[in-house]
Amino acid sequence: MDLKRIPLHEIHVGLGAKMVPFAGYEMPVRYSSDKEEHLAVRNGVGVFDVSHMGEFMVSGPKALETLQWISSNDLSKLTEGQAQYGYLPNDKGGVVDDFITYKMSDEEYMLVVNASNIEKDWTWISEQNKGATLKNISDDIVLLAVQGPKAKDTLQKLTKADLSAVKYYHFIEDQLAGKKMIISATGYTGAGGFELYIQKKDATAVWEAIFEAGAEYNILPIGLGARDTLRLEMGFCLYGNDIDDDTSPIAAGLGWVTKFTKDFVNAGQLKKEKEEGTEFKLVGLEIVDKGIPRHGYRIVDDESNIIGLITSGSISPVTNKGIALGYIKSGLHKPGTEVNIEIRNKNIKSKVVKTPFI
Amino acid sequence: MNIPDNLSYTEDHEWIRIEGDTAFVGITDFAQGELGDIVYVEVETIGDEIEAGEIFGTVEAVKTVSDLFMPVSGEVLEFNDQIESNPEVVNSDPYGEGWLIKLKITNKGSKLLSPEEYKSLIGQ
């Protein structure tokens, strides 16, 4: 399969990025060092080009009805300029994708979906559509995530809009660096900051303006490597690792965005799971001894019986401890429970912990 | 890409510096660049005699883990202790301070690559 290139491809190559195949795109995984990039976002400011993400417009008089049917979350209380996290349940107990809905107006919404799922989501939403107008604008949009404690100070230099007034999970449509865009107080790092939805033709100018504005804070471009460790430190799920077509969203801890205040795809089964509990639960795990957990490693008890499976794992660049998300048998899921993670045929002492890890 | 002329290489992206019947082994500049930040090297085979191509340890980077393979047959004599407290030296100086093990060669075999052969392997 031919890999697609994101619009700012040449800029990343020029900055020395290592480009790797990801979800059908050539994406920057690292510019300098995973750790350095990670810490730049935790302590200062960094910019991710995540233009591989998909954007769908859902509009018309039937937009809300359609979204209420396909989304696990309840959009009836969403106000204009507000965003909401949720997922698309499938009809057999799993998850088609997780996504964010932006409400532009009563009859216009934007969905932001995972790159690897653009085609699958489009097919699914088209099948479930209750009469809304759907438009895939993924190829027209450059998405830059400007994240970190200095993100606001950096971007504030480039816009007259008061960014302090944009609350978490809210957005505005305004000029930044002289270009109209969506400025959204969202992100996947837990470090604060904004995501900018920019027209492709404006992207180079905006990128350059952001780096000039952020120079005094030692702004860095950040690759997908650090994006993964940043989200893992916060305990955020990654589709394809921690949730997928076969995982229960209730077991994955997505009950908080599963609202039985309305009917939606597979609501009956999910309600039953929520009431009766699931066999496994997604939890945070931390290595007590030395070692780094990885996707696919087994969680075992002291007799080496398998009690769970790691779905995401790495080392925290902040604490230097091995951290993971994994499914573990219900009953063993409580923070403080001592378990082992099997690393190269050795049982490494670990424990269940609350997330975020930092 | 740094590929010193005085070393031999393997298809597993390791280098070996042979000094009589002993040798030093590490990973190449290319390998450390592919792996990213190295955070931990595990070698628990000191004193073991291991065949060429067999695993003598593992290297853990932030994003990935990779096995380490014997470039020649021999006995693992020593692990570079400095890496325990300072694993980033494998990134910053892979051919020098970042060496991984010292070994006693029992059979050199015939699979080692010259610097030129290694260069073409990684497309340089």
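Within region B:52-73, the set of residues being more than 15 Å from residue B:99 (Cβ to Cβ) and part of a strand (DSSP E or B) comprises B:55, B:58, B:60, B:61, B:65, B:66, B:67, B:69, B:73.
Of all residues being modelled with pLDDT of 95 or more and within 14 Å of chain B (Cβ to nearest Cβ) in region A:321-345, which is most open to solvent (accessible area, probe 1.4 Å)? Just the residue, please. Filtering region A:321-345 for residues that are modelled with pLDDT of 95 or more and within 14 Å of chain B (Cβ to nearest Cβ), the one most open to solvent (accessible area, probe 1.4 Å) comes out as A:321. Listed by first and then second residue, the pairs with beta-carbon distance under 9 Å, at least 6 apart or on different chains, first residue in region A:213-239 and under 20 Å from residue B:38 (Cα atoms) and more than 11 Å from chain B (Cβ to nearest Cβ), second open to solvent by 10 Å² or more (accessible area, probe 1.4 Å) and assigned to a helix (DSSP H, G or I), are A:222/A:40; A:230/A:42; A:233/A:42. Return a yes/no flag: does region B:67-89 have any residue that is within 13 Å of chain A (Cβ to nearest Cβ) and surrounded by 16 or more Cβ atoms within 10 Å (Cβ to Cβ). Within region B:67-89, one or more residues are within 13 Å of chain A (Cβ to nearest Cβ) and surrounded by 16 or more Cβ atoms within 10 Å (Cβ to Cβ).
Out of A:289, A:244, I need the residue that is among the acidic types (Asp, Glu) and more than 14 Å from chain B (Cβ to nearest Cβ). Which one?
Testing whether each residue is among the acidic types (Asp, Glu) and more than 14 Å from chain B (Cβ to nearest Cβ) leaves just A:244.
Do the conditions hold for residue A:134, that is, is it in contact with a Phe, Trp or Tyr (Cβ under 8 Å, 6 or more places away or on another chain) and open to solvent by 20 Å² or more (accessible area, probe 1.4 Å)?
Taking the combined requirement at face value, the residue satisfies it.
From B:23, B:31, B:61, B:52, which residue is more than 21 Å from residue A:321 (Cβ to Cβ), within 14 Å of chain A (Cβ to nearest Cβ) and hydrophobic (A, V, I, L, M, F, W, C)?
Values: B:23 fails: within 14 Å of chain A (Cβ to nearest Cβ); B:61 fails: more than 21 Å from residue A:321 (Cβ to Cβ); B:52 fails: within 14 Å of chain A (Cβ to nearest Cβ).
After ruling out the rest, the residue left standing is B:31.
Exactly one residue out of B:33, B:96, B:123, B:26 is more than 18 Å from residue A:18 (Cβ to Cβ) and either surrounded by fewer than 20 Cβ atoms within 10 Å (Cβ to Cβ) or out of contact with any Pro (no Cβ under 9 Å at 6 or more places or on another chain) (or both), and it is B:96.
Let me confirm something: among A:358, A:343, A:328, which residue is more than 25 Å from the chain's Cα centre (by Cα) and on the phi < 0 side of the Ramachandran plot? Working first, answer last.
On the way: A:358 fails: more than 25 Å from the chain's Cα centre (by Cα); A:328 fails: more than 25 Å from the chain's Cα centre (by Cα).
None of the other options fit; the residue is A:343.
Please work out if residue B:107 is of a type outside the set (Val, Ile, Thr) and open to solvent by 60 Å² or more (accessible area, probe 1.4 Å). The answer is yes for residue B:107. If the condition is being among the aliphatic types (A, V, I, L, M), free of Cβ contacts under 8 Å to residues at least 60 places away in the same chain and outside any strand (DSSP E or B), then region A:299-358 contributes only A:332. Quick check on region B:56-64. Is at least one of its residues touching a helix residue (DSSP H, G or I) at 6+ places or on another chain (Cβ under 8 Å), modelled with pLDDT of 95 or more and open to solvent by 70 Å² or more (accessible area, probe 1.4 Å)? Within region B:56-64 (the criterion being touching a helix residue (DSSP H, G or I) at 6+ places or on another chain (Cβ under 8 Å), modelled with pLDDT of 95 or more and open to solvent by 70 Å² or more (accessible area, probe 1.4 Å)), the answer is no, since none of the residues qualifies.
Within region B:1-23, take every residue that is charged (D, E, K, R) and assigned to a strand (DSSP E or B) and give me the one that is most open to solvent (accessible area, probe 1.4 Å).
Initially, region B:1-23 is screened for residues charged (D, E, K, R), giving B:5, B:11-12, B:14, B:17, B:19, B:21.
Add one more test, that the residue is assigned to a strand (DSSP E or B), and what stays is B:14, B:17, B:19.
On the way: B:14: 4, B:17: 69, B:19: 90 Å².
This residue is B:19.
Does region A:241-252 contain at least one residue that is within 16 Å of residue A:145 (Cα to Cα) and either in a helix (DSSP H, G or I) or open to solvent by less than 50 Å² (accessible area, probe 1.4 Å) (or both)? Scanning region A:241-252 turns up no residue that is within 16 Å of residue A:145 (Cα to Cα) and either in a helix (DSSP H, G or I) or open to solvent by less than 50 Å² (accessible area, probe 1.4 Å) (or both).
Restricted to strands (runs of 3 or more DSSP E) entirely inside region A:1-85, no element has at least 3 residues that are of a type in the set (A, V, I, L, M) and crowded, with 16+ Cβ neighbours inside 10 Å.
The values are calculated or read from the model by the stated rules, or taken from the named source; none is laboratory data. All of these numbers come straight from a predicted model, not from anything done at the bench. Cβ atoms come from the backbone with ideal geometry, glycine included; neighbour counts cover every protein chain shown. Quick note on the areas: whole protein, heavy atoms, side chains included, nothing else; ligands and nucleic acids left out. Shrake-Rupley method; radii C 1.70, N 1.55, O 1.52, S 1.80 Å.
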